[in-house]
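Reading through the structure tokens given below for one structure.
Read-outs: derived from the displayed coordinates by stated rules, not from any lab. Keep in mind that what you see is a predicted model, and the values were worked out from it rather than measured. When we count neighbours, we look across all protein chains shown, and the Cβ atoms used for this are built from the backbone with ideal geometry, even at glycine.
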């Protein structure tokens, strides 16, 4: 105990640590956010022995996969049909599951995310409504819909490779399949078949990540647009750190899945156009000769070109299906499959070249109804191409053959190679900027964000249900970088700029970033904006661009097509940058402390060797340990900004005195002059000539 205790005591107390060890309780397992004794809180204490899992052969102390890292595999062969009149889907999936774990598995767990929309689901029974929303039309309409409609899977049937039934149990949004014998560890394999059906949700009424939208208003064509996401029973994840991932789907936390190959046949009305994960395998059957020629040309085009033109889509809208067609798609090494189908789709595409990649050409594509015009033809596919280039530079080159955006009722959702995004022109048809949520700005931002999710978390395969920030926050940070490369004056909605979260940082209703996804207070601001801003501050103010970029890229590369945890990210960033960042993770990710640094005084205490000696009194009002960026104004009109590292707070986390020597007299000093740290109170940031700055 003596050794552990003395390692946690700072230098001034080292002499008495051994003497007191017998008398003082062992606090080595105390709260990692607030270890306190006699008013002292060590914000620089190491997180590893308290909060982070012990490194092992699966995950190393460096943040890299270990020598015995493993993950499961699930391959799917699916045949499904979209029933347009009944607004439903039915299907059959043959799933081959490979057990690469060191454990024999006597049963399997599958995800039934559509069961969230059963009336008696945990999600519905625990759904809460804010007082100011209880009487809104949207909530009333949703409640009325559930009186006459119920979602969720039905007709479930599970059989083995011989056609014999396998017993199964439904537990809300999970299904357990009992096996006749365990799947052997380290490479054992089993195959089985699942059959199912379910009614699609009307997304605009019920809300969700897929569903349908019909255009039945005045002057519209009466046709519908269908989005298939989380639409079939999928293998739950089984990992080295959790075993089976059996958290129910409540709506906020998304999912964790296994990689595999997909061969999917989708039967739809014969006048529909289908977009889906992977590559179209039977274009000669489902496309016209002209459409096939255009698709071939688009693979070399550097600007978007139509595969299905507006005129062709308009003609399809006025017609009607005479039968059905089956579209077949294949995708390799993906963790999910999604699709979209409608006769309304306009389809454009262009090629995106990549350097230093095994995949030198990516086909960027957009699918949208006429109601999305002229916004989507002008900006959608171009913004996809932009995301591919920027994310490729900051993380790793895009490894898949296609990247797609589909316009529909879902306000932003990602799946491998395909995304669902909702921006459309204003009712008056305009698309220009007014606010950050203006149609043009919104489309570019949401396309970049959702395409970016194909990196985080469709490839860097994080557990979104437990740690949404690890994909949403990291992705929002890279999105911010991409938006600024698109336009330096881009009005970003998802954080990045230090000032964007000042109001939130001081708010009472918030929880730490590391809070579970389904329990997160102020979910959007914390998971997306605060995480993105924290990482941008880490890059610009704490580490510097080069160390941060190198470490971030290394994390992304070492965990692509693998399953990282937050601790792998934290450790990778520390090792890659060569910087101990436990104090940063503790403050920004494990606490709700905020930045409020005060400059209480500046006094000249003498001269030494011809230099003026000044002492500055700093106070950490908000509790979050951060560097002090101090701008000094000299009597001759010149200035200098000094970056005082966060370790200035290591002996006293509340108030410190700092000394500085200058040949030139100092007349004024100011903390955070360029607004780089999310300081919540500008009124206490300056001292000297001209007084204090006015609060903003």
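Quick notes on this one:
- Our note on the geometry: Cα centres of region 402-427 and region 236-298, 14 Å apart.
- Taking other C-beta atoms within 10 angstrom as a stand-in for reagent exposure, 105, 179 fall in the order 179, 105, fewest first.
- Summary value for the chain: 11 percent relative contact order, contacts being C-alpha pairs under 8 angstrom separated by 6+ residues.
- If R0 is taken as 22 Å, the Cβ-Cβ distance between residue 197 and residue 160 corresponds to a FRET efficiency of 0.60.
- Remark: the residue 604-residue 220 segment gains 130.7 nm on full extension, using 0.36 nm per residue and subtracting the alpha carbon distance.
- When the convex hull of its Cα atoms is projected in every direction, mean area for region 393-513 (nm²): 9.0 nm²
- P(r) weight above 33 Å for the chain, C-alpha pairs, percent: 54 percent
- Taking 16 Å as the cut-off, the amide N atoms of region 204-230 that come nearer than this to a point 7 Å along the Cα-to-beta-carbon line of residue 147 belong to 206.
- Relative to the dominant Cα principal axis of the chain, helix 469-486 is inclined by about 90°.
- In plain terms, if you count all Cα to Cα distances in region 183-287 and split them into 10 Å steps from zero, the share in each step is 9, 31, 33, 19, 6, 1, 0 percent.
- Sorting 367, 616, 524 by the number of Cβ atoms found within 10 Å of their own Cβ, with the fewest placed first, yields 524, 616, 367.
- Take the Cβ atoms of residue 333 and residue 658, set R0 to 35 Å, and the FRET efficiency comes out at 0.05.
- Fewest neighbouring Cβ atoms within 10 Å first, the residues 642, 448 line up as 642, 448.
- A straight line joining the Cα centroids of region 300-321 and region 518-579 runs 41 Å.
- Stokes-Einstein diffusion of region 597-688 at 25 °C, 0.890 mPa s viscosity, Kirkwood radius from Cα pairs, rounded to a whole number: 183 µm²/s.
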